[in-house]
Amino acid sequence: MTVTVPGTESTDTSAAAGPTEAAGAAEALRPHAEDVFADELSALAAADDRPRPARWRLSPWAVATYLLGGTLPDGTVITPKYVGPRRIVEVAVTTLATDRALLLLGVPGTAKTWVSEHLAAAVSGDSTLLVQGTAGTPEEAIRYGWNYAQLLAHGPSRDALVPSPVMRAMTDGMTARVEELTRIPADVQDTLITILSEKTLPIPELGEEAQAVRGFNLIATANDRDRGVNELSSALRRRFNTVVLPLPATPEDEVDIVSRRVAQIGRSLELPELPEGVEEIRRVVTVFRELREGVTGDGRTKLKSPSGTLSTAEAISVVTGGLALAAHFGDGVLRAGDVAAGILGAVVRDPAADRVIWQEYLETVVRERDGWKDFYRSCREVTA
Ligand SMILES: Nc1ncnc2c1ncn2[C@@H]1O[C@H](COP(=O)(O)OP(=O)(O)OP(=O)(O)O)[C@@H](O)[C@H]1O
Ligand SMILES: [Mg+2]
């Protein structure tokens, strides 16, 4: 049966059967940065008269502007993607124009993945040359694999070789991305040493090598908290310039980040528009920051920190979840009751210890705060 929702043409899924590519980028649940911001990228390319490194789509200056936002001479507004110190972005972009690779390091939810995707989109126009690092990442994911049907039928040849995203980036002069580098076993990580220092990838089966061409570079991300799981060897670390992404400096910055991202995600999920300066966002951010830092915003009361990370990324999920609740089961206006359950879920990870910390925070801080009565009540309801 077809249910018609106002404003959508058809929700009949049978009509969409067929190759998934036919759906196009606009239909993708999470389109790539280069597709979402294609207009901004082409406006920047048109306005950009500074020198571009080999195979770069934009000059380093334009890449930094794409990340930090700005207004072009013709009035085109470039939205900020990353909110944080300008210098960090400048160092990151400059690194990519040198022969050193870039390592983005930071605690969870500090936009490492996000910055890496946008950098690759702006520099190479393609953010999809990606290797996801896990404890099970094999060497083939960084070097190359084989198409076994071809290999058995015709023996090893270039045709039978299946290049990894890193190998494709090398031969095409593009930006490769490695997510969660420190989770990859040490011997597999070491594959990157030759690639990054010699800029070649030996293919002993064919007696050849693949050489990186100009424009190739690599962005890796790693989580501070994983450090020690597979500590980077010093040989590999020397091939990288490390840029540490900090937590948002002020509550205002964090509210700004959360509001922007929730508005974007909300649009793609067709949720109601969020009015400017919503009180609930400020509250979620305040609660997360205070618990994370172990002290209230006014510096007067010391708090215990729960075990969860309470990152900006989690604040974004809590608010988006609340907005969806308000849309589907409320009147579309985000209220305290819509975010309370999400906050509880983010704060109380360890059912025993975190719950005590949360209850203490509720009773000593939230309860006494001016204008937070409704929020206190909603939190009490879900906590009980
Ligand atoms: N300073 C910031 N500027 C803009 N967006 C931010 C910032 N900090 C966090 N975000 C947002 O947080 C979300 C999560 O970021 P991301 O997934 O990149 O974090 P991460 O550092 O890779 O985390 P993890 O260590 O868990 O992989 C993104 O949607 C991003 O927009
Ligand atoms: Mg990440």
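The values are calculated or read from the model by the stated rules, or taken from the named source; none is laboratory data. These numbers were taken from a predicted model, which means no experiment stands behind them. Cβ sites come from the backbone with ideal geometry, for glycine too, and all protein chains shown count toward neighbours.
Kindly indicate the residue of region 99-136 that is more than 13 Å from ligand 1 (Cβ to nearest atom) and acidic (Asp, Glu) and also modelled with the lowest pLDDT among those meeting that condition.
Out of the qualifying residues, it is Asp99.
Test each condition in (1) touching a residue at least 40 places away in the same chain (Cβ under 8 Å); (2) within 24 Å of Leu105 (Cα to Cα) for Ile203 and report the one that comes out false.
Ile203 satisfies all of (1) touching a residue at least 40 places away in the same chain (Cβ under 8 Å); (2) within 24 Å of Leu105 (Cα to Cα) except (2).
Would you mind listing the helices (runs of 4 or more DSSP H) fully within region 25-142 where at least 3 residues are closer than 30 Å to Ala186 by Cα and hydroxyl-bearing (Ser, Thr, Tyr)?
Filter on region 25-142 gives 112-124.
Select from region 89-107 the residues that are away from ligand 2 (no atom under 16 Å from the Cβ) and surrounded by fewer than 20 Cβ atoms within 10 Å (Cβ to Cβ) and list them in ascending order.
Hits for region 89-107 are Glu90, Val91, Thr94, Ala97, Thr98, Asp99, Arg100.
In region 108-127, is there at least one residue being farther than 30 Å from Ser317 by Cα and away from ligand 2 (no atom under 16 Å from the Cβ)?
no
What are the residues in region 49-69 that are free of Cβ contacts under 8 Å to residues at least 12 places away in the same chain and surrounded by fewer than 15 Cβ atoms within 10 Å (Cβ to Cβ), if any?
The answer is Asp49, Pro51.
Just need a number here: residues in region 298-353 that are without any contact (Cβ under 8 Å) to a residue 60 or more places away in the chain and touching a strand residue (DSSP E or B) at 6+ places or on another chain (Cβ under 7 Å).
1
To keep it simple, each residue is scored yes or no on (1) under 24 Å from Val83 (Cβ atoms); (2) of a type in the set (A, V, I, L, M); (3) in contact with a Ser or Thr (Cβ under 9 Å, 6 or more places away or on another chain).
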{"site": "Glu290", "(1), (2), (3)": "yes, no, yes"}
{"site": "Ala313", "(1), (2), (3)": "yes, yes, yes"}
{"site": "Ala326", "(1), (2), (3)": "no, yes, no"}
{"site": "Ala341", "(1), (2), (3)": "no, yes, yes"}
{"site": "Leu344", "(1), (2), (3)": "no, yes, yes"}
{"site": "Gln359", "(1), (2), (3)": "no, no, yes"}
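Could you list, in sequence order, the residues of region 111-158 that are farther than 30 Å from Leu310 by Cβ, surrounded by fewer than 21 Cβ atoms within 10 Å (Cβ to Cβ), in contact with a Phe, Trp or Tyr (Cβ under 9 Å, 6 or more places away or on another chain) and not acidic (Asp, Glu)?
The answer is Pro156, and nothing else.
Of the numbered conditions (1) surrounded by fewer than 20 Cβ atoms within 10 Å (Cβ to Cβ); (2) touching a residue at least 12 places away in the same chain (Cβ under 8 Å); (3) aromatic (Phe, Trp, Tyr), Phe375 satisfies every one except a single condition; which is it?
(1) is the only condition that Phe375 fails.
Can you name the residue in region 176-194 that is within 16 Å of ligand 1 (Cβ to nearest atom) and not hydrophobic (A, V, I, L, M, F, W, C) and is also surrounded by the fewest Cβ atoms within 10 Å (Cβ to Cβ) among such residues?
It comes out as Arg183.
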